[in-house]
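Reviewing the structure listed below.
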Amino acid sequence: MKKLAWAARGLTAVSGALLLGSLVASPAAAADSPGMSLARELTSEIGAKYGNRCGSWGGDVSSAVVDYSGSDLFETVFRAATDRRGHAFLNDSRNPGEWINLGLVPGAPGCTADTSVAVTEEDPGHLFITLLADDGVIYQAQCVTVSGTPLTSANIAAACAPGFTAIPGTPV
């Protein structure tokens, strides 16, 4: 019980320091403040203890839709998401309920912190999947989209060949 009370006081102190730092300091200064460093360290420790191997505490989601009515892919929605363990997934609305593990695509980062998707209007078209790795490197894959063939776990590697590549000079 004493450990729990100690942990609660420590978490309260960290929360207070973060709140104070965010109210007083500029965002750039707050990112480098001792409170933020401590918060990142605690988040990594909590994540490691409870199965989060990447150090990022939350998930991310992004989407793109084909909005050109002249395309056979009209209203197809592509969604990308990450989980608390840093895995990235893709959903093609033509295949409801299937979330494709992007780890099946060669070159995908092991720990993904953020996702972005963009799609062209043609048929066949291109889906651009951009992943921000936990270490700050950005990776991108270009996948072929065809109206009669939704992306699945079975065809994602071929559709996105040659796979993810790091974007040189990532500034983060």
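Percent of alpha carbon pairs in the stretch 48-172 separated by more than 20 Å? Display every interim value, and only then the final one.
Details: 3115 of 7750 pairs.
Within the stretch 48-172, distances greater than 20 Å cover 40 percent of Cα pairs.
The per residue volume of the convex hull around the alpha-carbon atoms of the stretch 119-170 is 82 Å³. Annotation: the stretch 52-115 has a Kirkwood hydrodynamic radius of 12.7 angstrom, from the mean reciprocal C-alpha pair distance.
Using the average count of surrounding beta-carbon atoms within 10 Å as a protection proxy, the listed peptides 145-152, 66-73 rank, highest first, as 145-152, 66-73. Less than 5 angstrom separates the built amide H of ASP114 from those of LEU132, all sequence-distant by 5 or more or on a different chain. Accessible surface area normalised per residue over the stretch 64-161 is 45 Å², counting heavy atoms of protein chains with a 1.4 Å rolling probe. Charge tally around SER63: other residues with Cβ under 13 Å, Lys/Arg +1 each, Asp/Glu -1 each, net -3.
The values are calculated or read from the model by the stated rules, or taken from the named source; none is laboratory data. Keep in mind it's a predicted model, so treat the numbers as computed, not measured. Every residue, glycine as well, gets a Cβ built from its backbone with ideal geometry; the counts of neighbours run over all protein chains shown. Note: accessible area is taken over every heavy atom of the protein model, side chains too, but ligands, DNA and RNA are not part of it. Shrake-Rupley method; radii C 1.70, N 1.55, O 1.52, S 1.80 Å.
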